[in-house]
Amino acid sequence: MADIVKDTTDYRIKQIEIAEEKYYKTLIATLDRIEQEVTALANKDLPQTDGKLIELQAAIAIRPKIKAIIDREYLAWSDTVVREGFTKQAKRIEKAFKRIGNIPVQFQELTKGDLALVQNLKQQFFTQFKDVSNTFTRRLSEKVYQNTLVGNSFTELETELRQTINGIYARSDDAEANRLINFINSNKFDKSKQAEVDKSIQTLQSKFARVRAGENMKRYASQILNDSLRDFDATLNFNKANDAGLTFIKYYGDIIPTTREICRNVLNGVYNKRKSGLFTIDEVKQLWSRQSWSGKRSGNPLVVRGGYNCRHQWSYVNPDWYNSKGELII
């Protein structure tokens, strides 16, 4: 018999992955525009003598212009993710509850309480995206001021600005480096090309002296994109299940080489107390509180799951849906 709970959960996970890939590609285009506009602005507005930056007043005055570029490009992208991406995922959760059935009809659809929660979550996650905008407006402005203060060349400043925005994926005058960057960005989510992607990253780092610095806008924005889509799904799913009186849960998702041990063990049944692989909410909270691992996030494990970049999700069920062999019978 087909496992409808697994099927609907896999559907939610797959749609999140599709959404992440879609918005990641538009994020890359957005950051590339920001990179080009900010460096062009600095070249135009900062006076130079023999290629050296010379005027602190101009370095100070450029900050609101940098902010305007980031707000126009990045916050518009963030708004699309929150308004469009979250709304579509909410409808997918509703579809999953309807398909499973076996709970009161009034809880199968999005209620007024659910819609209010959706709106609150949109505001909450947009604030996180906005924090990135504010942080990197400040950092880029500081780069301009510091380089001008010590009289560095514009070329040095340009490199710092580009890398603060895009890290190792900053554009350059080297055609081969740009080709590698395009290949990596285009195939990041293609599992069949992961070996080629990894090799391209290594080449970018070694041949072109690109350091994988963590303090760049691309890293933070893509991290929030990843986690916000999944945290939104987990939070709304938890809320609807709680209203419907579903207090047992099961973990779903695939296992890949980078899967954390905690997730791998739960998925492989290492901690199982029941043949069905179900846990109570309290059991999961106790299990998570007793262990530590790299990338673990604070918060409710039903929402944060395995931590940063975790691609697994919980689904909420009734133990009566399973027979003595642990098989789903609804």
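The values are calculated or read from the model by the stated rules, or taken from the named source; none is laboratory data. The shown structure was predicted, so the numbers you read here are calculated from the model rather than taken from an experiment. Cβ sites come from the backbone with ideal geometry, for glycine too, and all protein chains shown count toward neighbours. Areas reflect the complete protein model, heavy atoms only, side chains present, ligands, DNA and RNA absent. Shrake-Rupley method; radii C 1.70, N 1.55, O 1.52, S 1.80 Å.
Listing for the model above:
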{"quantity": "Top-ranked residue of the range 97-106 - restricted to ones that are in contact (Cβ under 8 Å) with a residue 60 or more places away in the chain and surrounded by fewer than 20 Cβ atoms within 10 Å (Cβ to Cβ), ranked as farthest from A241 (Cα to Cα)", "calculated": "R99"}
{"quantity": "Looking only at the range 154-182, and only at residues there that are at pLDDT below 80 and within 29 Å of A58 (Cβ to Cβ), the one that is surrounded by the most Cβ atoms within 10 Å (Cβ to Cβ)", "calculated": "Y169"}
{"quantity": "Among (1) basic (K, R); (2) part of a helix (DSSP H, G or I); (3) more than 18 Å from the chain's Cα centre (by Cα) - the single one K130 does not satisfy", "calculated": "(3)"}
{"quantity": "Cβ-Cβ under 9 Å pairs, at least 6 apart or on other chains, the range 13-36 side without any contact (Cβ under 8 Å) to a residue 60 or more places away in the chain, far side assigned to a helix (DSSP H, G or I) and acidic (D, E)", "calculated": "T30/E73; R33/E73"}
{"quantity": "Lone unmet requirement of (1) surrounded by fewer than 18 Cβ atoms within 10 Å (Cβ to Cβ); (2) modelled with pLDDT under 95; (3) not aromatic (F, W, Y) for N185", "calculated": "(1)"}
{"quantity": "Condition check for A29: within 27 Å of I224 (Cα to Cα), among the small types (G, A, S) and surrounded by fewer than 19 Cβ atoms within 10 Å (Cβ to Cβ)", "calculated": "yes"}
{"quantity": "Of the criteria (1) under 27 Å from the mean Cα position of the chain (by Cα); (2) open to solvent by less than 50 Å² (accessible area, probe 1.4 Å); (3) not small (G, A, S), which one W321 fails", "calculated": "(1)"}
